[in-house]
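The values are calculated or read from the model by the stated rules, or taken from the named source; none is laboratory data. The structure displayed is predicted, hence computed values, not measured ones. All Cβ positions, glycine included, derive from the backbone under ideal geometry; neighbour counts span all protein chains shown.
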C-alpha cells in the first residue's frame, strides 16, 4: 500500500484525479505517517468550499435528504462531496456503512463524490477526521461538502461545529425526538427540517420547533417542511442552505472560535497520542493501572506521577 | 494507528435478482470480523459498483450474484474497474456458481469464488490473506 508516494497523491488530488482523492482520504483517515505534511500541502487549496452538516435522529431520513439535496446542487452545476458517517461497533471495531444505499440517484452524477466513514472511536474522535476529509475534498475542487452524521451522541455536536451551515432533521411522530435533540444539537442548528412532511403530524412538529426557538431566542432560523421521497420542499431547503452559508462568512467571532477549536483538537490528539505511545511503550501506563487495582494508588495520584509538574502549572495558571 | 489498518470492503449485488440474504449475511459477518463494510443494496449496475469501489477506496469488492448471470455481470464489473484505472482492486464472487464457471471467473482475474454454505469466517480469512499478499 505504501507504493504510491504522498507527493504523488497530493498532486493527484490537486489535479482532480479521483483515485488519488480516494486513496489520500484513506491514508489521512488511517493517520499514516506523513499525513500532516499532506494536509499542509492541501490546505491552501481548500479555502473556497463550504461545509454543510446534516444531523438528526436515526431514521429521520438524513441519507435520503442528503441524496436529494446533493442531486439538486449537482444539477445546478456545483461540485459536491458527501461524507456519510456510520457508527463502528465498539466490540468488533467493524462497521456496516449503508448510507450509499439511499444515495443512488446523486451517486451516479459525475460531480458527486460520496465517501462513507466509520466513527472508529479513535482517540480524538471523529470530528477532526471528518474535517480533514472535507478539506481534502475541497482541495480536490468540490464546492459544497455535505457531512451526514450518525444521529446520536456527542460526536454530533463536534462534527457540526466544523460546518458552515447545520441542518437538524426531524420527523413527525417523534415527539420525544425533539426532546432528545435539545441538548446541544438544537443550539447549533441553522436550519430545522421537518422531513417526511407527507405524513400526519408535520405541522405539530413545526409548531413545536417554533415554540422552542421562541423560548431559546433562536427566531429567524428557518423551519422547513420537506419530503425527500416526493421532492417537496427540497428546492427551498437548498436555498436556505446557501443563505446559511452566506451568513456564516460574516460571523467573525464564530470563525475565530472554530479555528481555535480545531487547533485545540489537533493539540489534544497530538498530546494524547504521544503520551499513550510513550507510556504504553515504557510500561508506565500498565504499571499505573496495576497500582490502582492493587489498592496502592488512585487515578489522580497516578496522573500526577505520570505528568509531574503539568497539573501544577495548569492550576497555577488558573489561580493567577 | 496504521499497524491495525482497517480493512474496507464493498459488498455489492449486481443484476436483477432480489435475493439479498446472502449479501446481507456476508456484510454483517464481515463487520463482526472487524471490517468496514460498504453495502450498497440490490440491483446495482456494474458502473455504480466500480464508482463506489473507487470512491470508497476499498481493499476488495465482493459481488453476490444468484441470477445465473455471474459470468457476464462479473466481466462487466471488471471492465468498469479497468476503465477507472482500478484493476488492482481484487474482486471476489459469491453465490450459485457451477465449478466450471468458477474456473472461468478465475481466468478473468477474479480472486476467489465462494458458493453457498461457505462460512463467513472463511471469507474473512481469505480477504485478510489477499490484502496481506497485496501489501507485501
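Only one entry of A:248, A:235 meets the criterion of being in contact (Cβ under 8 Å) with a residue 24 or more places away in the chain, in contact with a helix residue (DSSP H, G or I) (Cβ under 8 Å, 6 or more places away or on another chain) and surrounded by 14 or more Cβ atoms within 10 Å (Cβ to Cβ), and that entry is A:248.
Residue-level check: of (1) surrounded by 15 or more Cβ atoms within 10 Å (Cβ to Cβ); (2) over 14 Å from the mean Cα position of the chain (by Cα); (3) assigned to a helix (DSSP H, G or I), residue B:133 misses just (1). Under the condition of being under 20 Å from the mean Cα position of the chain (by Cα) and not in a helix (DSSP H, G or I), the residues counted in the range A:252-283 number 0. Tallying residues that are touching a residue at least 60 places away in the same chain (Cβ under 8 Å), surrounded by 11 or more Cβ atoms within 10 Å (Cβ to Cβ) and either in a loop (DSSP other than H, G, I, E, B) or within 13 Å of another protein chain (Cβ to nearest Cβ) (or both) within the range B:104-127 yields 4. Within the range A:95-106, the residues that satisfy the criterion of being within 7 Å of chain B (Cβ to nearest Cβ) and either in contact with a strand residue (DSSP E or B) (Cβ under 6 Å, 6 or more places away or on another chain) or buried (at least 21 other Cβ atoms within 10 Å of the Cβ) (or both) are A:95, A:96, A:97, A:98, A:100. Could you say whether any residue in the range A:113-124 is facing chain B (nearest Cβ under 9 Å) and over 16 Å from the mean Cα position of the chain (by Cα)? Yes, the conditions are met somewhere in the range A:113-124. The set of residues in the range B:84-103 being touching a helix residue (DSSP H, G or I) at 6+ places or on another chain (Cβ under 7 Å), surrounded by fewer than 17 Cβ atoms within 10 Å (Cβ to Cβ) and away from chain A (no Cβ under 13 Å) consists of B:101 alone. Of the helices (runs of 4 or more DSSP H) entirely within the range A:138-225, those holding at least 2 residues that are modelled with pLDDT of 85 or more and buried (at least 20 other Cβ atoms within 10 Å of the Cβ) occupy A:202-216.
Could you tell me whether residue A:33 is within 18 Å of residue A:116 (Cα to Cα) and surrounded by fewer than 20 Cβ atoms within 10 Å (Cβ to Cβ)? Spelling it out, it is not the case that residue A:33 is within 18 Å of residue A:116 (Cα to Cα) and surrounded by fewer than 20 Cβ atoms within 10 Å (Cβ to Cβ).
Of everything listed in (1) without any contact (Cβ under 8 Å) to a residue 40 or more places away in the chain; (2) outside the structural domain of residue A:16 (by TED's automatic domain parsing); (3) more than 25 Å from residue A:198 (Cα to Cα), the single unmet condition for residue A:37 is (2).
When residue B:89 is tested against (1) farther than 25 Å from residue A:80 by Cβ; (2) modelled with pLDDT of 95 or more, exactly one condition is not met: (1). Of the helices (runs of 4 or more DSSP H) lying entirely inside the range A:1-91, the ones with 3 or more residues being more than 13 Å from chain B (Cβ to nearest Cβ) and under 21 Å from residue A:136 (Cα atoms) are found at A:6-14, A:35-42, A:62-75. The numbered conditions (1) modelled with pLDDT under 95; (2) out of contact with any strand residue (DSSP E or B) (no Cβ under 6 Å at 6 or more places or on another chain) are all true for residue B:94 except (2).
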